[in-house]
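Working notes, beginning with the structure itself.
The values are calculated or read from the model by the stated rules, or taken from the named source; none is laboratory data. For clarity, every value in this text was computed on a predicted model and none was experimentally measured. FYI the Cβ positions are ideal-geometry reconstructions off the backbone, even for glycines, and counts take in every protein chain you see.
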Ligand code: NOJ
């Protein structure tokens with residue numbers, strides 16, 4: 001999002017007096033249905049006191065009303081202090097003295113719901129202490145239809161179940177601090193290229209891409225994790241930039257009113273993505289509840305913007321084109337979560353540094369005298385960052401017991417990703433395609449990025465470790481030197497050579513290759529040609545091909561994803577075995593770029609303004625489902641990851657029906673509640689299996705359960721889908737039972753004709769193992 005300079009004062013307005021920040025332990029958050037009902041009553045009383053202008057302002061952002069990326073103005077006469085929204089899912093962006101957390105992709109690679117919750121909880125507590133009521137995250141869209149999607153790293157996984165569990169843990173983690181979660185981007189925002197409407201200088205308009213998704217795919221794939229978010233009580237959903245089946249998401253009556261508010265029973269508010277609104281009354285009646293950044297005042301600093309809400313809504317009410325009841329409903333949806341999360345009761349004031357930091361982010365010249373010291377909200381969050389960074393690291397290859405390192409006396413470190421940041425501590429904030437040439441990558445770019453206060457680079461952490469054990473570290477960080485094969489300074493050849501590669505991605509762009517950046521293949525090949533014990537570590541915003549994977553001198557490969565500011569410490573913990581790797585791939589790594597690739601739509605010339613069309617003809621068959629359906633062998637499959645120990649499963653799965661004679665579809669007489677029809681969330685089957693640590697060291701693994709629908713299920717059903725997982729830590733020689741609870745939704749398919757979830761009649765196959773292709777034990781169950 002590009003912003004013209006000017007209007008600095010807009011970001012600097014507001015009082016600067018800091019008040020005492022209530023401690024987190026002083027609050028209790030109750031997000032039960034009862035609490036929401038009580039909150040709705042409070043919202044109604046609030047609405048009753050508003051005049052029409054105030055009503056319109058409650059649903060229309062205004063930059064002059066605060067110092068955040070999105071603001072709802074205060075109404076002092078009612079004691080309402082306004083609302084502040086900030087990005088994003090990985091760090092409190094455009095702020096100072098905050099932490100940079102592991103990305104959603106890394107969190108998903110941990111497959112650890114407790115750690116995912118802990119990440120969200122710590123992140124949101126930083127928002128709270130900075131006085132930010134609304135966190136623009138988590139992201140479940142894009143899900144990762146395209147291996148080259150530029151924002152896949154902000155979300156979790158192309159698998160809806162893993163993303164759904166991650167959304168649930170994240171929404172709860174956020175909202176348990178009393179901060180509102182905005183689950184985004186709803187829906188079908190799978191590519192960045194032409195993600196929204198563009199207007200040329202001559203005024204001609206080209207519409208944003210239309211994600212054309214069939215009804216069953218929508219429900220079983222892209223909507224699935226949003227249902228988890230709604231069930232977890234997400235305060236808000238952000239509608240996306242793109243069109244869905246030809247209509248913009250933010251004015252899509254079917255998606256917002258019928259599916260989201262109807263089928264999923266969503267009672268919070270739909271916030272627009274920024275400048276994603278292209279109509280007033282149509283959007284408001286189509287289900288949009290809040291226009292961000294909204295106000296007409298912003299038009300002067302954001303290029304090409306128009307506000308369709310604000311005064312236009314008051315006119316629409318006055319001329320009868322928008323019922324006042326709908327405007328009241330919009331405000332009720334905004335204020336219910338506000339009261340439910342007790343944001344009216346002692347929420348911290350906004351950190352006064354937000355204004356100048358935001359202004360500097362947008363490259364405005366602010367005088368030193370305007371700089372205000374920031375509140376430090378990081379506490380001990382480095383601990384959870386370091387832990388999750390290691391937990392989301394996946395060991396892919398480990399021959400000759402290369403890892404863990406025992407006591408190498410000479411260590412070589414190679415590659416531009418090992419280095420400390422070289423272009424400023426917010427280098428990943430640049431909205432560009434490549435990032436900076438020198439400096440480690442621990443977070444992607446765009447609105448989901450963050451400004452570091454500290455970062456531990458891999459080289460720094462390795463040097464610190466080497467000093468403790470009396471080892472020598474030699475290094476070459478410049479990829480140009482490495483690609484030119486100038487390794488003359490490396491003498492003697494190190495016992496282990498660790499090559500760090502990075503792959504940048506940012507909002508606004510899609511990737512153009514799956515190869516890691518900066519001549520990575522040549523870099524690996526040159527180092528491996530000299531060093532017979534080469535370990536490759538990737539820090540990547542997504543999937544990479546690994547053309548050097550079978551090189552015998554590449555003895556170990558680690559996908560370390562985007563670990564956040566403790567990146568160096570997290571990787572050292574894995575390399576030296578302080579932490580036994582337990583991360584599993586939340587996606588599939590292909591052998592070739594073209595294997596099961598769904599290309600980004602990229603038109604270079606167009607003949608009609610509505611020509612950008614993405615037809616999701618593959619249906620549900622993305623990522624491992626496509627590899628399975630086409631019988632293509634991946635390099636490393638979904639769910640795969642090695643450990644320094646070994647795990648075994650018991651010889652059988654025991655299953656138990658938890659509901660006798662369930663009906664084929666949910667009871668039509670039962671009303672929908674928040675999260676959808678309550679029957680969908682009922683456990684129908686329990687499956688139990690034993691897992692044991694059969695190796696010599698303690699460690700964690702992820703037991704995974706996949707389900708295959710019976711042969712009589714509708715065509716287009718995936719070969720198998722993930723329907724349960726459990727991360728479990730075991731000491732050597734220890735064993736434990738793992739229980740999986742399969743809900744009605746897990747065992748059903750979306751029946752387009754009857755518009756409901758239906759259980760299949762035949763035998764459902766359950767398969768349990770340690771990856772989507774390492775399925776060791778199978779059984780079948782019948783539910784009908
Ligand atoms: C656009 C992005 O798509 C969205 O994720 C973000 O929250 C807003 N900009 C605000 O920065």
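Report whether or not residue 539 is at pLDDT 95 or above, surrounded by 24 or more Cβ atoms within 10 Å (Cβ to Cβ), part of a strand (DSSP E or B) and in contact with a helix residue (DSSP H, G or I) (Cβ under 6 Å, 6 or more places away or on another chain). Break it down stepwise before answering.
Working: at pLDDT 95 or above: yes; surrounded by 24 or more Cβ atoms within 10 Å (Cβ to Cβ): yes; part of a strand (DSSP E or B): yes; in contact with a helix residue (DSSP H, G or I) (Cβ under 6 Å, 6 or more places away or on another chain): yes.
So residue 539 passes the test.
One line per residue, one yes/no per condition, for (1) within 16 Å of the ligand (Cβ to nearest atom); (2) under 13 Å from the mean Cα position of the chain (by Cα); (3) assigned to a loop (DSSP other than H, G, I, E, B):
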| residue | (1), (2), (3) |
| --- | --- |
| 89 | yes, yes, yes |
| 95 | yes, no, yes |
| 118 | no, no, no |
| 122 | no, no, no |
| 135 | yes, yes, no |
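Can you say whether residue 127 is out of contact with any helix residue (DSSP H, G or I) (no Cβ under 7 Å at 6 or more places or on another chain), surrounded by fewer than 24 Cβ atoms within 10 Å (Cβ to Cβ) and within 27 Å of residue 58 (Cα to Cα), as far as the supplied structure shows? Against the criterion (out of contact with any helix residue (DSSP H, G or I) (no Cβ under 7 Å at 6 or more places or on another chain), surrounded by fewer than 24 Cβ atoms within 10 Å (Cβ to Cβ) and within 27 Å of residue 58 (Cα to Cα)), residue 127 does not qualify.
Tell me the residue from 411, 443 that is touching a residue at least 24 places away in the same chain (Cβ under 8 Å) and within 16 Å of the ligand (Cβ to nearest atom), please.
Answer to the selection: 443.
When the residues of segment 65-87 are narrowed to those that are crowded, with 24+ Cβ neighbours inside 10 Å and not in a loop (DSSP other than H, G, I, E, B), which ends up nearest to the ligand (Cβ to nearest atom)?
Within segment 65-87, the subset crowded, with 24+ Cβ neighbours inside 10 Å is 66-72, 83-87.
The next check asks that each one be not in a loop (DSSP other than H, G, I, E, B); those that pass are 70-72, 83-87.
Details: 70: 7, 71: 12, 72: 14, 83: 14, 84: 12, 85: 8, 86: 8, 87: 5 Å.
Here the answer is 87.
Would you confirm whether or not segment 420-436 contains a residue that is at pLDDT 95 or above and outside any loop (DSSP other than H, G, I, E, B)? Within segment 420-436 (the criterion being at pLDDT 95 or above and outside any loop (DSSP other than H, G, I, E, B)), the answer is no, since none of the residues qualifies. Checking each residue in segment 51-64 for being away from the ligand (no atom under 16 Å from the Cβ), more than 17 Å from residue 270 (Cα to Cα) and either in contact with a helix residue (DSSP H, G or I) (Cβ under 7 Å, 6 or more places away or on another chain) or in contact (Cβ under 8 Å) with a residue 60 or more places away in the chain (or both) picks out 52, 53, 64. Residues in segment 278-288 that are within 16 Å of the ligand (Cβ to nearest atom) and either more than 23 Å from the chain's Cα centre (by Cα) or surrounded by fewer than 24 Cβ atoms within 10 Å (Cβ to Cβ) (or both): 278 alone. Comparison of 34, 45 shows that the only residue that is at pLDDT 95 or above, surrounded by fewer than 19 Cβ atoms within 10 Å (Cβ to Cβ) and either within 16 Å of the ligand (Cβ to nearest atom) or over 21 Å from residue 137 (Cβ atoms) (or both) is 45.
Residue-wise test of (1) in a helix (DSSP H, G or I); (2) surrounded by 14 or more Cβ atoms within 10 Å (Cβ to Cβ); (3) within 16 Å of the ligand (Cβ to nearest atom); (4) modelled with pLDDT under 95.
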| position | (1), (2), (3), (4) |
| --- | --- |
| 447 | no, yes, yes, yes |
| 460 | yes, yes, no, no |
| 466 | yes, yes, no, no |
| 473 | no, yes, no, no |
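Name the residue, out of 182, 171, 270, that is part of a strand (DSSP E or B), buried (at least 24 other Cβ atoms within 10 Å of the Cβ), touching a helix residue (DSSP H, G or I) at 6+ places or on another chain (Cβ under 7 Å) and in contact (Cβ under 8 Å) with a residue 12 or more places away in the chain. Break it down stepwise before answering.
Numbers: 182 fails: touching a helix residue (DSSP H, G or I) at 6+ places or on another chain (Cβ under 7 Å); 171 fails: part of a strand (DSSP E or B).
Selected residue: 270, the only one of 182, 171, 270 that is part of a strand (DSSP E or B), buried (at least 24 other Cβ atoms within 10 Å of the Cβ), touching a helix residue (DSSP H, G or I) at 6+ places or on another chain (Cβ under 7 Å) and in contact (Cβ under 8 Å) with a residue 12 or more places away in the chain.
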